[in-house]
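Below is the structure I would like to discuss, written out as structure tokens.
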Amino acid sequence: MFQIRKAVPKDTPVIFDLIKKLAVYERLENDVITSVEELQENIFSKNFAKVLIAEEGGKPVGFALYFYNFSTFVGKPGIYLEDLFVEPEYRGKGYGKALLIALAKIAKEEDCGRFEWSVLDWNTPSIEFYKALGAKPMDEWTVFRLDAAGIANLSEK
């Protein structure tokens, strides 16, 4: 039996574990510097993000972490999918697609103008999967980022 549900605070260790597994898949395991406590505070106390958990037979097998942004051109909020991950042994069962459909339903219910995410350029299976769902790559855009040191440096100018 498969279900998708909204995460609750007691899910934080599971979320953290899935984030670490996603980081290994993306070859970014050294970039995970957060903790269960920090995630719990920022997701459930400060409400900076929301999480959907995918479960098979009551066992967490994947997750989607998202937050809201805003499009000035559309004049509406949007959903930004930060992370989508399904455990390798549970892939091919439609769970990733089910998570995206659940998010699209949330976006529709909340009258969002956009639903966006980023994907690593080498991740061909995911890119093809997203295209098959009707998503369009934003090839003309370049993502910029300031990390904690960059934020600190710029804030001191």
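Enter the accessible area per residue of the stretch 38-157 (Å², integer; probe 1.4 Å; all protein chains in place). Present the calculation step by step, with values, prior to reporting the outcome.
On the way: 7940 Å² over 120 residues.
Spelled out: the 1.4 Å probe surface of the stretch 38-157, per residue, equals 66 Å².
Hey, with R₀ at 35 Å, roughly what FRET efficiency would residue 120 and residue 70 work out to, going by the Cβ-Cβ distance, to 0.05?
Working: r = 25 Å, r/R0 = 0.72.
Approximately 0.90, to the nearest 0.05.
Let's see if you can work this out: charge +1 on each Lys and Arg Cβ, -1 on each Asp and Glu Cβ, no other charges. What is the dipole magnitude of the stretch 1-69 about its Cα centre, in debye to the nearest 20? Display every interim value, and only then the final one.
On the way: 9 positive and 10 negative charges, 50 e Å.
Using Cβ point charges on Lys, Arg, Asp and Glu, the stretch 1-69 gives about 240 debye.
From the alpha carbon gyration tensor of the stretch 19-106, can you work out the equivalent ellipsoid semi-axes (sqrt of 5 times each eigenvalue) and give them in Å, largest to smallest? Present the calculation step by step, with values, prior to reporting the outcome.
On the way: eigenvalues 100, 69, 34 Å².
The answer is 22, 19, 13 Å, longest axis first.
Here is a further query. What chymotrypsin sites (Phe, Trp or Tyr not before Pro) does the stretch 6-56 have in DSSP loop regions with at most 12 other beta carbons within 10 Å?
Passing both the DSSP loop test and the Cβ count: 48.
Which of the aspartates and glutamates could a cross-linker span from residue 10 if the Cα-Cα distance has to be under 17 Å and same-chain partners fewer than 8 positions apart are dropped?
37, 38, 41, 55
To the nearest 20 debye, what is the magnitude of the charge dipole of the chain about its Cα centre, counting +1 on the Cβ of each Lys and Arg and -1 on the Cβ of each Asp and Glu? Numbers along the way, then the final one.
Working: 20 positive and 24 negative charges, 108 e Å.
Its charge dipole is roughly 520 debye.
What part of the accessible area of the chain, given as a whole %, is carbon or sulfur when the probe is 1.4 angstrom?
On the way: 5830 of 10520 Å².
In the chain, the share of accessible area belonging to carbon and sulfur is 55 percent.
Taking the stretch 43-91, which trypsin sites (Lys or Arg not before Pro) meet the DSSP loop condition and have no more than 10 other C-beta atoms within 10 Å? Show your work: numbers first, answer last.
Working: sites: 46, 50, 91; in loops: 46, 91.
Loop-located and lightly packed - 46.
Related question: Gain in length, residue 133 to residue 25, computed as 0.36 nm per residue apart minus the alpha-carbon separation, to one decimal in nm?
On the way: separation 108, 0.36 × 108 = 38.88 nm, distance 2.19 nm.
Stretched fully, the residue 133-residue 25 segment lengthens by 36.7 nm.
Using the Cα centre as the reference, give the magnitude of the dipole from point charges on the C-beta atoms of the stretch 44-105 (Lys, Arg: +1; Asp, Glu: -1; all else neutral), rounded to the nearest 20 debye. Spell out each step's value before the answer.
Details: 8 positive and 6 negative charges, 52 e Å.
That gives the stretch 44-105 a dipole magnitude of about 260 debye.
Answer with one residue from 107, 72, 123: the one whose Cα lies farthest towards the positive end of the charge dipole of the stretch 67-147, charges on Cβ with Lys, Arg +1 and Asp, Glu -1.
It is 107.
Calculate, in nm to one decimal, what residue 6 and residue 141 gain on full extension: separation in residues at 0.36 nm each, minus their alpha carbon distance.
On the way: separation 135, 0.36 × 135 = 48.60 nm, distance 3.14 nm.
Taking residue 6 through residue 141 to full extension adds about 45.5 nm, to one decimal.
Which value in Å does the Kirkwood hydrodynamic radius of the stretch 63-157 take, with 1/r averaged over all unlike C-alpha pairs and then inverted? Intermediate values should be presented prior to the final figure.
Values: mean 1/r = 0.0654 Å⁻¹.
About 15.3 Å for the stretch 63-157.
Still on this model: Where does the longest stretch of the chain lie that holds no GluC sites (Glu not before Pro) found in a DSSP loop with 12 or fewer other Cβ atoms within 10 Å? Each step should come with its number before you reach the end.
On the way: sites that count: 110, 140, 156.
Value returned for the longest uninterrupted segment is 1-109.
If you don't mind, another one. Test of the criteria: in the stretch 49-141, which chymotrypsin sites (Phe, Trp or Tyr not before Pro) are in a DSSP loop and have at most 16 other Cβ atoms within 10 angstrom of their Cβ?
Values: sites: 63, 66, 67, 68, 70, 73, 80, 85, 90, 95, 115, 117, 122, 129, 130, 141; in loops: 73, 122, 141.
Of the chymotrypsin sites (Phe, Trp or Tyr not before Pro), the ones in loops of the stretch 49-141 whose Cβ has at most 16 other Cβ atoms within 10 Å are 73, 122, 141.
Okay, next question. Hey, rough spin-label estimate for residue 110 and residue 34, points 7 angstrom out along Cα→Cβ, what's it come to in nanometres?
1.6 nm
Okay, moving on. Among 76/105; 20/136; 108/136; 46/97, which pairs are too far apart, with a Cα-Cα distance over 22 Å? List each step's numbers first, then the result.
Working: 76/105 16 Å; 20/136 28 Å; 108/136 18 Å; 46/97 28 Å.
Violating the 22 Å Cα-Cα cut-off are 20/136; 46/97.
Could you work out the relative contact order of the chain? I mean the mean sequence separation of Cα pairs under 8 Å and 6+ apart, divided by the number of residues, in percent.
Working: 177 pairs, mean separation 27.6, N = 157.
That works out to 18 percent.
The values are calculated or read from the model by the stated rules, or taken from the named source; none is laboratory data. Just so it is clear, the structure is predicted and the values come from calculations on it, not from any experiment. So basically every Cβ, Gly included, is an ideal-geometry build from the backbone, and we count neighbours across all protein chains shown. With ligands, DNA and RNA removed, areas are computed over all heavy atoms of the protein, side chains included. Shrake-Rupley method; radii C 1.70, N 1.55, O 1.52, S 1.80 Å.
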